[in-house]
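Have a look at the structure below, then the notes.
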């Protein structure tokens, strides 16, 4: 922490001292498909609100073995997407993003740079084709080709926390 920041760090950022990507596996994940969007590196909204404002075609292609898992999904419902932002840095634990006044821990941010580069998005499902594994959404804030880890239904009876006391 006492050294000056490198070219890829902002003042106040803190590294882990190791890269979690280089440690032996302690979890095994399998991608279930890929996200399709108009976005690429250098041309991607920072969040879903910006993606919705920009508009575009937002889809997922689900791999054949996982298509039966789409049974029960219906157009119009909100879903939670978990996706792998594996090209992001994994060795940062405190970041200094331009939109914050001070350095902030990664667990208080939605940044893709984190020990486990898993992103989450709550989106509206627009179309479901179980036979082809093609899904359409109202927005995505991920690069075209981003690996998809999981889809879960968003349930207002479960996913809305109670008011703070």
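Nothing in this text is a laboratory measurement; each read-out follows from the coordinates by a stated rule. Please read these numbers as outputs of a predicted model, since none were measured by experiment. All Cβ positions, even for glycine, are placed from backbone atoms using ideal geometry, and neighbour counts span all protein chains on display.
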### Summary
Within the set 146, 85, 104, GNM on the chain using Cα springs under 10 Å gives the largest fluctuation to 104
### Whole-number D in µm² s⁻¹ for segment 9-76, Kirkwood Cα-pair radius fed into Stokes-Einstein, 4 °C, 1.567 mPa s
79 µm²/s
### Message
Under 8 Å for C-alpha pairs, at least 6 residues apart: give me the relative contact order for the chain, rounded to a whole percent.
### Response
34 percent
### In nm, spacing of pseudo-spin labels at residue 57 and residue 108 (7 Å Cα→C-beta vector)
4.2 nm
### Query
Working out 0.36 nm times the residue gap between residue 101 and residue 160, then minus their Cα-Cα distance, what length gain in nm do you get to one decimal?
18.4 nm
### Message
Helix-only estimate, please: 222 nm mean residue ellipticity of the chain, summing -39500 (n - 2.57) across DSSP H runs of length 4 or more and dividing by its residues, to the nearest 500.
### Response
-1500 deg cm²/dmol
#### Entry: Sequence of 18, 31, 58 once ranked by neighbouring C-beta atoms within 10 Å, starting from the fewest
18, 31, 58
### Query
In nm, to one decimal, how far is the residue 22 label point from the residue 132 one, both placed 7 Å along Cα→Cβ?
4.4 nm
### Task
Would you give the gap between the C-alpha center of segment 16-45 and the C-alpha center of segment 116-130, rounded to a whole Å?
15 Å
## Note on the structure
Rg (one decimal) and Dmax (whole number) from the Cα set of segment 1-125, in Å, equal 17.2, 54
